[in-house]
1. Which condition number in (1) without any contact (Cβ under 8 Å) to a residue 60 or more places away in the chain; (2) farther than 26 Å from residue 147 by Cβ; (3) surrounded by 19 or more Cβ atoms within 10 Å (Cβ to Cβ) is the one that residue 51 fails?
2. Looking at residue 185, is it under 15 Å from the mean Cα position of the chain (by Cα) and of a type outside the set (Asp, Glu)?
3. Only one of (1) in a helix (DSSP H, G or I); (2) at pLDDT 95 or above; (3) of a type in the set (A, V, I, L, M, F, W, C) fails for residue 198. Which number is that?
4. Of all residues in the range 90-120, count the ones that are crowded, with 16+ Cβ neighbours inside 10 Å, out of contact with any Pro (no Cβ under 7 Å at 6 or more places or on another chain) and over 21 Å from residue 16 (Cα atoms).
5. Within the set of pairs 6+ apart or on separate chains, which have a first residue in the range 101-124 that is farther than 29 Å from residue 147 by Cβ, a second that is in a helix (DSSP H, G or I), and C-beta atoms under 6 Å apart?
6. Search the range 147-170 for residues that are small (Gly, Ala, Ser) and modelled with pLDDT under 95 and pair each with any residue that is surrounded by 15 or more Cβ atoms within 10 Å (Cβ to Cβ) and part of a helix (DSSP H, G or I) when their beta-carbon atoms are under 8 Å apart and the residues are at least 6 apart or on different chains.
7. Which one of the conditions (1) under 25 Å from residue 159 (Cβ atoms); (2) touching a residue at least 40 places away in the same chain (Cβ under 8 Å); (3) surrounded by 24 or more Cβ atoms within 10 Å (Cβ to Cβ) does residue 7 fail to meet, given that it meets all the rest?
8. Can you pull out every residue in the range 21-39 that is polar (S, T, N, Q) and in a strand (DSSP E or B)?
Amino acid sequence: MTCIMTVYLIHGFGMNNSIWRKITKNIQAENIILTNLPGYDGTDEKYYDNIESLASAYKTLIKRPGIIVGHSMGGYLALQICKLFPEKIRGLMLFHSHPFADSGDKQEGRKKHISFLETHGVAKFYKEIMPNFFHNKANKEIEQLINNGNNMRVSLLVNNLQIMTSRPDMTDFLTKTNIPVGFIIGKYDNLIDGEAWFAQTAFPKKAAVYALKKSAHLGMLEEPRKSTEAINHFIETCSLL
């Protein structure tokens, strides 16, 4: 049954809204709004000082109250959107994402990514990072994501990495918000410590947790059916609140 609900999908760093293509047709919502991060469609030259200013740019996009689903960096952005415009959000889903600020080691890792990008360019960078997002290293989607990188600019990716490095910790917001929060966690996602993935699920007042047993960081491509089921269950739950 389709819920009378608008769902906003925000992709993660280095990708675009095509990562949702395997699940959008089966999401049970009245409206599904696909977004591209600014610059990812090849036309927007805007750069941002921090993730808060990037979130402010979404004010006009979110025209109707709804559920916001953010993947990875999209989840960091979605948290900020919820903080800035809580009256527009019926539910927040963190898809392979979390509220924690970067640790010192994570910040150093992003700095190394910036240096690699500036030295070797986008094509080689994508070949390095994209296989790490999959549990199955033979997945055909890896090559497609690498090819998508041909349309990206070094300066834009560097700006995104800088935004993520400096973003604030959002655990206090997640603890205090009345917005229902859903978490989709990949069993093989090693972007943060395994225990931290589940520790965050205790923060919200209203939480739902969904585990993908055969996925790393791109469950919508590795387990599209399970990912769709999780989103639909969360939509239905939020529609009752």
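The values are calculated or read from the model by the stated rules, or taken from the named source; none is laboratory data. None of the values given here were measured: they were computed from a predicted structure. Methodologically, a virtual Cβ is constructed for each residue, glycine included, from the backbone with ideal geometry; neighbour enumeration extends over all protein chains shown.
1. Failing condition for residue 51: (1).
2. Yes, satisfied.
3. (2)
4. 3
5. Listed pairs, sorted by first residue: 107/165.
6. 149/122; 149/125; 149/126; 149/130
7. Only one criterion is unmet by residue 7, namely (1).
8. Narrowing the range 21-39 to residues polar (S, T, N, Q): 24, 26, 28, 31, 35-36.
Hits for the range 21-39 are 31, 35.
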